[in-house]
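One structure is given here, and the rest of the page talks about it.
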(Lines give C-alpha, C1' and ligand atoms only; values in the text may rest on other atoms or scores of the structure.)
Protein backbone atom coordinates (compact mmCIF):
# COMPACT_ATOMS: atom_id res chain seq x y z
CA UNK A 1 0.00 0.00 0.00
CA UNK A 2 2.72 2.47 0.89
CA UNK A 3 4.42 2.25 -2.47
CA UNK A 4 1.20 3.45 -4.07
CA UNK A 5 2.11 6.88 -2.74
CA UNK A 6 4.53 7.19 -5.63
CA UNK A 7 1.64 8.37 -7.69
CA UNK A 8 3.52 10.47 -10.18
CA UNK A 9 6.40 8.00 -10.33
CA UNK A 10 4.68 4.66 -10.51
CA UNK A 11 0.96 4.76 -11.11
CA UNK A 12 1.23 6.86 -14.24
CA UNK A 13 2.84 4.42 -16.67
CA UNK A 14 1.46 1.14 -17.99
CA UNK A 15 3.16 -2.00 -19.21
CA UNK A 16 1.99 -2.33 -22.78
CA UNK A 17 2.94 -0.04 -25.62
CA UNK A 18 -0.26 1.14 -27.25
CA UNK A 19 -1.04 3.32 -30.21
CA UNK A 20 -0.52 7.06 -29.93
CA UNK A 21 -3.94 7.88 -28.48
CA UNK A 22 -4.84 9.76 -25.35
CA UNK A 23 -3.65 7.62 -22.42
CA UNK A 24 -5.10 7.13 -18.95
CA UNK A 25 -8.36 8.33 -17.46
CA UNK A 26 -8.14 11.55 -15.44
CA UNK A 27 -5.99 14.67 -15.38
CA UNK A 28 -5.59 16.54 -12.10
CA UNK A 29 -5.84 20.27 -12.78
CA UNK A 30 -5.17 22.51 -9.77
CA UNK A 31 -4.57 26.14 -10.78
CA UNK A 32 -3.58 28.85 -8.33
CA UNK A 33 -7.15 29.25 -7.13
CA UNK A 34 -9.42 27.62 -4.54
CA UNK A 35 -10.65 24.87 -6.88
CA UNK A 36 -9.23 21.68 -8.36
CA UNK A 37 -10.70 19.22 -10.86
CA UNK A 38 -10.21 15.79 -12.33
CA UNK A 39 -11.09 15.84 -16.02
CA UNK A 40 -11.42 12.81 -18.26
CA UNK A 41 -9.70 12.56 -21.63
CA UNK A 42 -12.69 14.15 -23.35
CA UNK A 43 -12.42 17.18 -21.07
CA UNK A 44 -15.49 16.36 -18.99
CA UNK A 45 -15.21 17.09 -15.27
CA UNK A 46 -15.21 13.82 -13.31
CA UNK A 47 -14.75 15.42 -9.90
CA UNK A 48 -14.08 18.84 -8.44
CA UNK A 49 -12.96 20.22 -5.09
CA UNK A 50 -13.89 23.50 -3.43
CA UNK A 51 -10.83 24.28 -1.33
CA UNK A 52 -9.79 26.34 1.66
CA UNK A 53 -6.86 28.57 0.76
CA UNK A 54 -5.21 29.21 -2.58
CA UNK A 55 -3.14 26.52 -4.25
CA UNK A 56 0.40 27.85 -4.43
CA UNK A 57 2.40 25.62 -6.75
CA UNK A 58 1.86 21.84 -7.04
CA UNK A 59 -0.83 19.32 -6.15
CA UNK A 60 -0.84 15.50 -6.19
CA UNK A 61 -3.49 12.84 -5.83
CA UNK A 62 -2.63 10.35 -3.08
CA UNK A 63 -4.25 6.93 -2.53
CA UNK A 64 -7.78 6.96 -1.09
CA UNK A 65 -8.53 10.01 -3.25
CA UNK A 66 -6.69 12.39 -0.97
CA UNK A 67 -5.51 15.64 -2.53
CA UNK A 68 -2.08 16.83 -1.35
CA UNK A 69 -1.47 20.49 -2.18
CA UNK A 70 0.83 23.39 -1.44
CA UNK A 71 -1.01 26.43 -0.17
CA UNK A 72 -0.15 30.10 -0.16
CA UNK A 73 0.71 31.48 3.31
CA UNK A 74 1.90 35.03 3.96
CA UNK A 75 5.59 34.77 4.94
CA UNK A 76 6.53 35.42 8.57
CA UNK A 77 9.60 37.24 7.27
CA UNK A 78 8.84 39.81 4.58
CA UNK A 79 12.39 39.26 3.27
CA UNK A 80 11.00 36.21 1.45
CA UNK A 81 9.26 38.05 -1.36
CA UNK A 82 10.46 36.13 -4.40
CA UNK A 83 8.25 34.02 -6.65
CA UNK A 84 7.16 30.50 -5.81
CA UNK A 85 6.66 30.96 -2.05
CA UNK A 86 4.10 28.58 -0.56
CA UNK A 87 4.46 28.32 3.20
CA UNK A 88 1.95 25.55 3.88
CA UNK A 89 0.64 22.12 2.94
CA UNK A 90 -2.80 20.50 3.05
CA UNK A 91 -4.26 17.03 2.67
CA UNK A 92 -7.91 17.19 1.58
CA UNK A 93 -10.39 14.33 1.24
CA UNK A 94 -12.70 13.63 -1.71
CA UNK A 95 -15.40 15.87 -0.27
CA UNK A 96 -13.11 18.85 0.36
CA UNK A 97 -12.60 18.34 4.10
CA UNK A 98 -9.13 19.34 5.30
CA UNK A 99 -7.62 16.25 6.95
CA UNK A 100 -4.22 17.74 7.76
CA UNK A 101 -2.57 21.11 7.33
CA UNK A 102 0.72 22.67 8.34
CA UNK A 103 2.59 25.95 8.11
CA UNK A 104 6.38 26.06 7.75
CA UNK A 105 7.37 29.71 7.95
CA UNK A 106 9.66 31.65 10.27
CA UNK A 107 12.27 34.40 10.19
CA UNK A 108 14.81 31.97 8.70
CA UNK A 109 12.88 29.38 6.68
CA UNK A 110 9.88 29.14 4.34
CA UNK A 111 8.43 26.44 2.10
CA UNK A 112 8.52 27.33 -1.55
CA UNK A 113 7.77 25.78 -4.93
CA UNK A 114 7.51 22.02 -5.18
CA UNK A 115 6.89 18.95 -3.03
CA UNK A 116 7.17 15.20 -3.66
CA UNK A 117 5.13 12.48 -1.89
CA UNK A 118 7.18 9.53 -0.56
CA UNK A 119 6.31 5.82 -0.33
CA UNK A 120 6.24 5.95 3.47
CA UNK A 121 3.57 8.65 3.56
CA UNK A 122 6.01 11.48 4.23
CA UNK A 123 6.56 14.49 1.97
CA UNK A 124 9.73 16.00 0.56
CA UNK A 125 9.59 19.79 0.42
CA UNK A 126 11.85 22.65 -0.65
CA UNK A 127 12.50 25.41 1.87
CA UNK A 128 14.50 28.60 1.95
CA UNK A 129 17.31 28.57 4.53
CA UNK A 130 18.20 32.20 5.24
CA UNK A 131 21.86 32.98 5.91
CA UNK A 132 23.14 36.31 7.24
CA UNK A 133 25.85 38.43 5.66
CA UNK A 134 28.15 37.26 8.49
CA UNK A 135 27.38 33.64 7.54
CA UNK A 136 28.19 34.41 3.91
CA UNK A 137 31.50 36.03 4.79
CA UNK A 138 32.44 33.13 7.06
CA UNK A 139 31.74 30.73 4.19
CA UNK A 140 34.11 32.60 1.87
CA UNK A 141 31.60 34.68 -0.06
CA UNK A 142 33.08 37.71 -1.79
CA UNK A 143 29.71 39.46 -1.28
CA UNK A 144 28.73 40.34 2.28
CA UNK A 145 24.97 39.94 1.77
CA UNK A 146 22.16 37.91 3.28
CA UNK A 147 21.50 34.85 1.11
CA UNK A 148 18.37 32.76 0.68
CA UNK A 149 20.11 29.42 0.67
CA UNK A 150 18.15 26.20 0.25
CA UNK A 151 17.30 23.03 2.10
CA UNK A 152 15.15 19.96 1.48
CA UNK A 153 13.16 18.54 4.36
CA UNK A 154 11.21 15.32 4.81
CA UNK A 155 7.94 16.04 6.60
CA UNK A 156 6.06 13.38 8.56
CA UNK A 157 2.41 14.45 9.02
CA UNK A 158 1.13 14.06 12.60
CA UNK A 159 -2.51 14.41 13.62
CA UNK A 160 -4.46 17.16 11.90
CA UNK A 161 -1.96 20.03 12.10
CA UNK A 162 1.38 18.79 13.44
CA UNK A 163 4.46 17.36 11.82
CA UNK A 164 7.95 16.02 12.42
CA UNK A 165 11.01 16.83 10.32
CA UNK A 166 12.55 13.36 10.02
CA UNK A 167 15.31 14.12 7.49
CA UNK A 168 17.02 17.28 6.28
CA UNK A 169 19.61 18.29 3.70
CA UNK A 170 21.14 21.78 3.53
CA UNK A 171 22.96 23.30 0.58
CA UNK A 172 25.05 25.37 3.03
CA UNK A 173 26.79 22.18 4.21
CA UNK A 174 28.16 21.56 0.69
CA UNK A 175 29.87 24.77 -0.36
CA UNK A 176 33.32 25.44 -1.72
CA UNK A 177 35.20 28.57 -2.76
CA UNK A 178 38.65 29.71 -3.93
CA UNK A 179 38.29 33.25 -2.67
CA UNK A 180 39.75 32.89 0.83
CA UNK A 181 42.34 30.25 1.67
CA UNK A 182 41.76 30.77 5.40
CA UNK A 183 38.26 29.27 5.23
CA UNK A 184 37.67 25.56 5.84
CA UNK A 185 35.81 25.11 2.55
CA UNK A 186 38.66 26.54 0.45
CA UNK A 187 39.61 24.57 -2.67
CA UNK A 188 42.30 25.46 -5.15
CA UNK A 189 40.12 24.37 -8.07
CA UNK A 190 36.35 24.77 -8.34
CA UNK A 191 36.18 22.53 -11.40
CA UNK A 192 37.90 19.71 -9.52
CA UNK A 193 35.08 19.75 -6.94
CA UNK A 194 31.79 19.48 -8.84
CA UNK A 195 30.23 17.70 -5.85
CA UNK A 196 30.16 21.08 -4.08
CA UNK A 197 28.52 24.43 -4.85
CA UNK A 198 30.74 27.46 -5.39
CA UNK A 199 29.35 30.11 -3.05
CA UNK A 200 30.67 32.82 -5.37
CA UNK A 201 28.73 31.65 -8.42
CA UNK A 202 26.00 34.21 -9.23
CA UNK A 203 25.80 35.23 -5.57
CA UNK A 204 22.62 37.20 -4.84
CA UNK A 205 19.78 37.43 -2.34
CA UNK A 206 17.58 34.75 -3.97
CA UNK A 207 20.56 32.63 -4.84
CA UNK A 208 19.91 29.13 -6.18
CA UNK A 209 16.11 29.33 -6.42
CA UNK A 210 15.17 25.64 -6.38
CA UNK A 211 11.87 24.99 -8.11
CA UNK A 212 11.30 21.25 -8.61
CA UNK A 213 11.90 18.13 -6.52
CA UNK A 214 11.36 14.43 -7.21
CA UNK A 215 12.19 11.11 -5.54
CA UNK A 216 13.56 7.86 -7.00
CA UNK A 217 12.54 4.95 -4.73
CA UNK A 218 14.77 2.44 -6.53
CA UNK A 219 17.94 4.44 -5.90
CA UNK A 220 16.70 6.24 -2.76
CA UNK A 221 17.85 9.49 -4.35
CA UNK A 222 16.41 12.99 -4.80
CA UNK A 223 16.62 15.24 -7.83
CA UNK A 224 15.90 18.97 -7.87
CA UNK A 225 16.22 21.88 -10.29
CA UNK A 226 17.63 25.40 -9.99
CA UNK A 227 16.12 28.33 -11.88
CA UNK A 228 19.12 30.62 -11.42
CA UNK A 229 21.93 28.10 -11.96
CA UNK A 230 20.24 26.30 -14.90
CA UNK A 231 21.09 22.87 -13.51
CA UNK A 232 19.42 19.75 -12.18
CA UNK A 233 21.04 17.84 -9.32
CA UNK A 234 20.92 14.44 -7.61
CA UNK A 235 21.62 13.81 -3.92
CA UNK A 236 21.52 10.72 -1.70
CA UNK A 237 18.44 10.27 0.49
CA UNK A 238 19.70 7.07 2.15
CA UNK A 239 21.85 9.13 4.51
CA UNK A 240 20.92 10.12 8.01
CA UNK A 241 20.44 13.83 8.61
CA UNK A 242 23.86 13.88 10.26
CA UNK A 243 25.46 12.17 7.25
CA UNK A 244 23.62 14.51 4.87
CA UNK A 245 25.58 17.38 6.44
CA UNK A 246 28.90 15.68 5.63
CA UNK A 247 30.76 14.24 2.67
CA UNK A 248 30.52 10.54 3.63
CA UNK A 249 27.78 8.00 4.32
CA UNK A 250 24.71 6.64 2.57
CA UNK A 251 24.49 4.18 -0.32
CA UNK A 252 26.76 6.42 -2.38
CA UNK A 253 29.36 6.84 0.37
CA UNK A 254 29.33 10.59 -0.39
CA UNK A 255 27.00 11.92 2.30
CA UNK A 256 25.06 14.96 1.13
CA UNK A 257 27.39 16.05 -1.66
CA UNK A 258 26.01 16.31 -5.20
CA UNK A 259 26.10 12.89 -6.85
CA UNK A 260 25.25 14.38 -10.23
CA UNK A 261 24.57 17.77 -11.78
CA UNK A 262 23.74 18.65 -15.36
CA UNK A 263 22.74 21.54 -17.57
CA UNK A 264 25.38 24.24 -17.06
CA UNK A 265 29.05 23.21 -16.64
CA UNK A 266 30.00 26.85 -16.00
CA UNK A 267 28.32 26.56 -12.58
CA UNK A 268 31.33 24.49 -11.46
CA UNK A 269 33.86 26.26 -13.69
CA UNK A 270 34.03 23.40 -16.19
CA UNK A 271 34.12 23.58 -19.96
CA UNK A 272 31.07 22.72 -22.02
CA UNK A 273 27.91 24.21 -23.43
CA UNK A 274 24.97 25.17 -21.25
CA UNK A 275 21.76 23.36 -22.18
CA UNK A 276 19.11 24.80 -19.90
CA UNK A 277 17.81 28.34 -20.26
CA UNK A 278 15.60 28.54 -17.15
CA UNK A 279 14.79 25.02 -15.95
CA UNK A 280 11.91 23.68 -13.85
CA UNK A 281 10.39 20.33 -12.92
CA UNK A 282 13.40 18.03 -12.47
CA UNK A 283 12.13 14.45 -12.36
CA UNK A 284 12.91 10.87 -13.37
CA UNK A 285 11.08 8.92 -16.06
CA UNK A 286 9.72 5.83 -14.33
CA UNK A 287 10.71 2.25 -15.29
CA UNK A 288 7.38 1.48 -17.00
CA UNK A 289 7.82 4.21 -19.63
CA UNK A 290 9.89 4.83 -22.76
CA UNK A 291 13.13 6.57 -21.78
CA UNK A 292 12.98 4.73 -18.44
CA UNK A 293 15.26 6.16 -15.72
CA UNK A 294 16.14 9.28 -17.72
CA UNK A 295 16.24 12.61 -15.90
CA UNK A 296 13.97 15.32 -17.32
CA UNK A 297 14.04 19.10 -17.22
CA UNK A 298 11.36 21.57 -18.36
CA UNK A 299 13.58 23.88 -20.41
CA UNK A 300 11.52 27.08 -20.50
CA UNK A 301 13.53 28.74 -23.26
CA UNK A 302 15.08 25.61 -24.73
CA UNK A 303 13.79 26.09 -28.29
CA UNK A 304 13.89 29.88 -28.37
CA UNK A 305 13.41 32.83 -26.08
CA UNK A 306 9.69 32.04 -26.03
CA UNK A 307 9.35 28.29 -26.74
CA UNK A 308 9.67 25.34 -24.37
CA UNK A 309 11.72 22.17 -24.84
CA UNK A 310 11.38 19.01 -22.75
CA UNK A 311 14.94 17.72 -22.37
CA UNK A 312 15.72 14.16 -21.27
CA UNK A 313 19.15 13.10 -20.07
CA UNK A 314 20.55 9.58 -19.72
CA UNK A 315 22.88 9.93 -16.71
CA UNK A 316 26.14 7.94 -16.56
CA UNK A 317 25.27 5.65 -13.64
CA UNK A 318 27.80 3.61 -11.71
CA UNK A 319 25.74 1.77 -9.12
CA UNK A 320 24.53 4.44 -6.71
CA UNK A 321 27.03 6.95 -8.11
CA UNK A 322 27.65 8.84 -11.33
CA UNK A 323 30.89 9.56 -13.11
CA UNK A 324 32.42 12.45 -14.99
CA UNK A 325 34.39 12.52 -18.22
CA UNK A 326 37.31 14.94 -18.14
CA UNK A 327 35.78 16.46 -15.03
CA UNK A 328 32.37 17.13 -16.61
CA UNK A 329 29.14 15.27 -15.94
CA UNK A 330 27.82 13.80 -19.17
CA UNK A 331 26.19 13.53 -21.54
CA UNK A 332 27.55 16.48 -23.49
CA UNK A 333 24.03 17.32 -24.70
CA UNK A 334 20.49 16.16 -24.03
CA UNK A 335 19.86 12.55 -24.95
CA UNK A 336 16.39 13.28 -26.30
CA UNK A 337 14.56 16.57 -26.81
CA UNK A 338 10.85 17.08 -27.32
CA UNK A 339 10.45 20.42 -29.11
CA UNK A 340 7.24 22.34 -28.48
CA UNK A 341 5.56 25.44 -29.88
CA UNK A 342 4.31 26.40 -26.42
CA UNK A 343 5.27 29.45 -24.39
CA UNK A 344 5.89 29.23 -20.66
CA UNK A 345 8.40 31.85 -19.62
CA UNK A 346 8.33 30.54 -16.07
CA UNK A 347 7.21 27.38 -14.23
CA UNK A 348 5.53 24.46 -16.03
CA UNK A 349 5.95 20.69 -16.09
CA UNK A 350 5.84 17.59 -18.24
CA UNK A 351 4.79 14.01 -17.60
CA UNK A 352 5.90 11.09 -19.75
CA UNK A 353 3.25 8.46 -20.54
CA UNK A 354 3.80 4.80 -21.50
CA UNK A 355 2.76 5.08 -25.14
CA UNK A 356 5.24 7.87 -25.86
CA UNK A 357 2.75 10.67 -25.25
CA UNK A 358 3.45 13.58 -22.91
CA UNK A 359 1.37 15.88 -20.74
CA UNK A 360 2.76 19.42 -20.95
CA UNK A 361 1.62 22.20 -18.63
CA UNK A 362 2.41 25.84 -19.30
CA UNK A 363 2.14 28.51 -16.64
CA UNK A 364 -0.31 30.67 -18.56
CA UNK A 365 -3.02 28.08 -17.89
CA UNK A 366 -3.04 25.50 -20.67
CA UNK A 367 -2.42 21.76 -20.53
CA UNK A 368 -1.65 19.66 -23.59
CA UNK A 369 -1.41 16.00 -24.41
CA UNK A 370 0.79 15.34 -27.43
CA UNK A 371 2.08 12.17 -29.03
CA UNK A 372 5.72 11.34 -29.65
CA UNK A 373 5.74 13.15 -32.99
CA UNK A 374 4.30 16.32 -31.45
CA UNK A 375 0.74 16.01 -32.72
CA UNK A 376 -1.71 17.65 -30.33
CA UNK A 377 -4.25 15.13 -29.05
CA UNK A 378 -6.07 17.22 -26.47
CA UNK A 379 -5.80 20.54 -24.66
CA UNK A 380 -7.45 21.84 -21.51
CA UNK A 381 -7.77 25.26 -19.94
CA UNK A 382 -6.73 25.26 -16.30
CA UNK A 383 -8.92 28.23 -15.45
CA UNK A 384 -5.97 30.20 -14.12
CA UNK A 385 -2.20 30.16 -13.89
CA UNK A 386 -0.85 26.70 -13.05
CA UNK A 387 2.52 25.11 -12.34
CA UNK A 388 1.85 21.38 -12.76
CA UNK A 389 -0.76 18.87 -13.92
CA UNK A 390 -0.73 15.06 -13.77
CA UNK A 391 -2.56 12.15 -15.43
CA UNK A 392 -3.86 9.19 -13.36
CA UNK A 393 -5.35 5.83 -14.28
CA UNK A 394 -8.95 4.96 -13.49
CA UNK A 395 -8.05 2.13 -11.13
CA UNK A 396 -5.68 4.43 -9.23
CA UNK A 397 -8.40 7.03 -8.74
CA UNK A 398 -11.01 4.39 -7.89
CA UNK A 399 -8.70 2.56 -5.47
CA UNK A 400 -8.87 -0.73 -7.36
CA UNK A 401 -5.19 -1.14 -8.18
CA UNK A 402 -3.79 -4.66 -7.69
CA UNK A 403 -1.96 -5.37 -4.45
CA UNK A 404 1.74 -4.59 -4.58
CA UNK A 405 3.62 -7.91 -4.70
CA UNK A 406 6.85 -8.99 -3.09
CA UNK A 407 9.52 -11.14 -4.70
CA UNK A 408 10.62 -14.42 -3.19
CA UNK A 409 13.46 -16.68 -4.36
CA UNK A 410 13.83 -20.43 -4.15
CA UNK A 411 16.56 -22.47 -5.83
CA UNK A 412 17.33 -19.76 -8.33
CA UNK A 413 13.72 -19.01 -9.33
CA UNK A 414 12.00 -15.70 -8.50
CA UNK A 415 8.26 -15.65 -7.78
CA UNK A 416 5.57 -13.01 -7.32
CA UNK A 417 3.70 -13.21 -4.02
CA UNK A 418 0.50 -11.92 -5.64
CA UNK A 419 -1.51 -13.60 -8.38
CA UNK A 420 -2.50 -11.42 -11.30
CA UNK A 421 -3.78 -11.58 -14.85
CA UNK A 422 -0.28 -10.83 -16.09
CA UNK A 423 3.07 -9.66 -14.76
CA UNK A 424 6.07 -7.55 -15.69
CA UNK A 425 9.54 -8.30 -14.34
CA UNK A 426 12.27 -5.68 -14.03
CA UNK A 427 16.04 -5.96 -13.87
CA UNK A 428 17.96 -3.01 -12.44
CA UNK A 429 14.81 -0.87 -12.91
CA UNK A 430 14.37 -1.73 -16.59
CA UNK A 431 11.61 -3.87 -18.08
CA UNK A 432 12.64 -7.39 -19.09
CA UNK A 433 11.09 -8.01 -22.50
CA UNK A 434 8.75 -10.98 -22.52
CA UNK A 435 9.04 -11.59 -18.76
CA UNK A 436 5.30 -11.66 -18.08
CA UNK A 437 4.83 -14.84 -16.04
CA UNK A 438 4.45 -15.22 -12.29
CA UNK A 439 8.01 -16.54 -12.05
CA UNK A 440 11.32 -15.54 -13.55
CA UNK A 441 14.67 -17.32 -13.67
CA UNK A 442 17.55 -14.81 -13.58
CA UNK A 443 20.68 -15.35 -15.61
CA UNK A 444 22.90 -12.72 -14.02
CA UNK A 445 23.53 -10.89 -10.76
CA UNK A 446 21.18 -7.89 -10.58
CA UNK A 447 18.28 -6.31 -8.72
CA UNK A 448 14.91 -7.82 -9.70
CA UNK A 449 11.35 -6.61 -9.12
CA UNK A 450 7.88 -7.51 -10.37
CA UNK A 451 4.60 -5.74 -11.07
CA UNK A 452 1.03 -7.07 -11.38
CA UNK A 453 -0.74 -6.10 -14.60
CA UNK A 454 -4.53 -6.31 -14.90
CA UNK A 455 -4.80 -4.16 -18.03
CA UNK A 456 -2.65 -1.67 -19.89
CA UNK A 457 -3.58 1.09 -17.47
CA UNK A 458 -4.41 -0.87 -14.31
CA UNK A 459 -1.34 -2.19 -12.59
CA UNK A 460 0.17 -2.49 -9.17
CA UNK A 461 3.09 -0.52 -7.90
CA UNK A 462 6.43 -2.17 -8.59
CA UNK A 463 7.62 -4.43 -5.78
CA UNK A 464 10.69 -3.74 -3.73
CA UNK A 465 13.69 -5.15 -5.58
CA UNK A 466 15.73 -8.06 -4.32
CA UNK A 467 19.34 -8.63 -5.28
CA UNK A 468 19.91 -12.02 -6.83
CA UNK A 469 23.50 -13.27 -6.92
CA UNK A 470 23.82 -15.54 -9.92
CA UNK A 471 25.88 -18.72 -9.99
CA UNK A 472 26.15 -21.31 -12.75
CA UNK A 473 26.33 -23.97 -10.07
CA UNK A 474 23.54 -25.32 -7.88
CA UNK A 475 22.12 -22.90 -5.35
CA UNK A 476 21.65 -23.85 -1.68
CA UNK A 477 22.85 -27.44 -2.14
CA UNK A 478 21.33 -29.48 0.69
CA UNK A 479 24.64 -31.23 1.44
CA UNK A 480 25.84 -27.97 2.96
CA UNK A 481 22.75 -27.37 5.10
CA UNK A 482 24.79 -27.34 8.31
CA UNK A 483 26.44 -24.02 7.35
CA UNK A 484 24.96 -20.95 9.05
CA UNK A 485 25.70 -17.24 9.55
CA UNK A 486 24.48 -15.25 12.54
CA UNK A 487 23.49 -12.87 14.08
CA UNK A 488 21.50 -10.80 11.60
CA UNK A 489 21.43 -7.81 11.92
CA UNK A 490 25.05 -7.61 12.98
CA UNK A 491 26.92 -4.97 14.93
CA UNK A 492 30.56 -6.06 15.04
CA UNK A 493 31.22 -9.72 14.22
CA UNK A 494 29.48 -12.20 11.93
CA UNK A 495 29.68 -15.78 13.21
CA UNK A 496 29.92 -18.64 10.72
CA UNK A 497 29.48 -22.32 11.58
CA UNK A 498 29.90 -25.41 9.44
CA UNK A 499 32.64 -24.07 7.16
CA UNK A 500 35.37 -25.94 9.05
CA UNK A 501 34.32 -29.06 7.11
CA UNK A 502 34.99 -27.26 3.83
CA UNK A 503 38.44 -25.61 3.99
CA UNK A 504 38.03 -24.28 0.43
CA UNK A 505 34.94 -22.26 1.43
CA UNK A 506 34.76 -18.50 0.82
CA UNK A 507 32.69 -15.71 2.32
CA UNK A 508 31.72 -13.24 -0.43
CA UNK A 509 29.81 -10.04 0.35
CA UNK A 510 28.03 -7.95 -2.28
CA UNK A 511 26.37 -4.56 -2.05
CA UNK A 512 22.82 -4.18 -3.31
CA UNK A 513 23.98 -3.23 -6.80
CA UNK A 514 25.59 -6.68 -7.09
CA UNK A 515 29.14 -5.38 -6.80
CA UNK A 516 31.52 -7.66 -4.88
CA UNK A 517 33.07 -5.76 -1.98
CA UNK A 518 34.68 -8.57 0.04
CA UNK A 519 36.00 -12.04 -0.71
CA UNK A 520 37.97 -14.06 1.82
CA UNK A 521 38.35 -17.54 3.24
CA UNK A 522 35.36 -18.35 5.42
CA UNK A 523 36.46 -18.70 9.03
CA UNK A 524 34.48 -18.91 12.25
CA UNK A 525 34.09 -15.13 12.54
CA UNK A 526 34.17 -12.15 10.21
CA UNK A 527 34.88 -8.63 11.48
CA UNK A 528 32.43 -6.11 10.04
CA UNK A 529 34.46 -2.97 10.78
CA UNK A 530 35.30 -2.59 7.08
CA UNK A 531 31.62 -2.32 6.18
CA UNK A 532 29.45 0.76 6.58
CA UNK A 533 25.89 0.62 7.84
CA UNK A 534 23.50 -0.91 5.34
CA UNK A 535 22.13 -4.05 3.74
CA UNK A 536 24.38 -6.51 1.91
CA UNK A 537 24.18 -9.98 0.38
CA UNK A 538 26.47 -12.46 2.16
CA UNK A 539 27.30 -15.71 0.37
CA UNK A 540 29.20 -18.82 1.43
CA UNK A 541 30.77 -20.42 -1.62
CA UNK A 542 32.43 -23.82 -1.97
CA UNK A 543 34.19 -23.77 -5.28
CA UNK A 544 31.70 -22.13 -7.66
CA UNK A 545 28.68 -23.29 -5.65
CA UNK A 546 26.70 -20.75 -3.64
CA UNK A 547 25.76 -22.96 -0.71
CA UNK A 548 24.23 -20.27 1.50
CA UNK A 549 23.00 -16.78 0.66
CA UNK A 550 21.29 -14.31 2.98
CA UNK A 551 20.64 -10.62 3.33
CA UNK A 552 22.98 -9.15 5.92
CA UNK A 553 22.08 -5.94 7.72
CA UNK A 554 25.00 -4.10 9.33
CA UNK A 555 24.13 -1.76 12.21
CA UNK A 556 26.94 -0.07 14.13
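The values are calculated or read from the model by the stated rules, or taken from the named source; none is laboratory data. Just so it is clear, the structure is predicted and the values come from calculations on it, not from any experiment. Methodologically, a virtual Cβ is constructed for each residue, glycine included, from the backbone with ideal geometry; neighbour enumeration extends over all protein chains shown.
Of all residues in the stretch 526-538, how many are loosely packed, with under 11 Cβ neighbours inside 10 Å and in a strand (DSSP E or B)?
1
Right, residue 253: farther than 30 Å from residue 435 by Cα, in a loop (DSSP other than H, G, I, E, B), under 21 Å from the mean Cα position of the chain (by Cα) and in contact (Cβ under 8 Å) with a residue 60 or more places away in the chain or not?
Judged against the criteria, residue 253 is a match.
Name the one entry in 155, 115, 126, 145 that is in contact with a helix residue (DSSP H, G or I) (Cβ under 8 Å, 6 or more places away or on another chain), modelled with pLDDT of 95 or more and surrounded by 13 or more Cβ atoms within 10 Å (Cβ to Cβ).
After ruling out the rest, the residue left standing is 145.
Restrict the check to the stretch 376-395 and report whether at least one residue is part of a loop (DSSP other than H, G, I, E, B), at pLDDT below 90 and more than 27 Å from the chain's Cα centre (by Cα).
no
Enumerate the pairs (first residue in the stretch 147-162 and at positive phi; second residue anywhere and modelled with pLDDT of 95 or more) with beta-carbon separation below 9 Å, excluding pairs fewer than 6 apart on the same chain, so at least 6 apart or on different chains.
Pairs found: 159/100.
Quick check on the stretch 263-273. Is at least one of its residues closer than 24 Å to residue 102 by Cβ, at pLDDT 95 or above, assigned by TED's automatic domain parsing to the domain that holds residue 297 and surrounded by fewer than 21 Cβ atoms within 10 Å (Cβ to Cβ)?
No: the stretch 263-273 contains no residue that is closer than 24 Å to residue 102 by Cβ, at pLDDT 95 or above, assigned by TED's automatic domain parsing to the domain that holds residue 297 and surrounded by fewer than 21 Cβ atoms within 10 Å (Cβ to Cβ).
Test residue 453 against the stated conditions and say whether it is surrounded by 16 or more Cβ atoms within 10 Å (Cβ to Cβ), over 24 Å from the mean Cα position of the chain (by Cα), within 23 Å of residue 217 (Cβ to Cβ) and not assigned by TED's automatic domain parsing to the domain that holds residue 355.
So residue 453 fails the test.
Among the residues of the stretch 266-278, count how many are under 22 Å from residue 362 (Cβ atoms) and in contact (Cβ under 8 Å) with a residue 60 or more places away in the chain.
1
Can you spot a residue in the stretch 426-444 that is more than 30 Å from residue 537 (Cα to Cα) and exposed (fewer than 15 other Cβ atoms within 10 Å of the Cβ)?
Scanning the stretch 426-444, I find no residue that is more than 30 Å from residue 537 (Cα to Cα) and exposed (fewer than 15 other Cβ atoms within 10 Å of the Cβ), so the answer is no.
Mind checking whether some residue in the stretch 213-236 is in contact (Cβ under 8 Å) with a residue 60 or more places away in the chain, assigned to a loop (DSSP other than H, G, I, E, B), crowded, with 22+ Cβ neighbours inside 10 Å and touching a helix residue (DSSP H, G or I) at 6+ places or on another chain (Cβ under 8 Å)?
yes
Would you call residue 548 assigned to a strand (DSSP E or B) and either modelled with pLDDT of 85 or more or loosely packed, with under 13 Cβ neighbours inside 10 Å (or both)?
no
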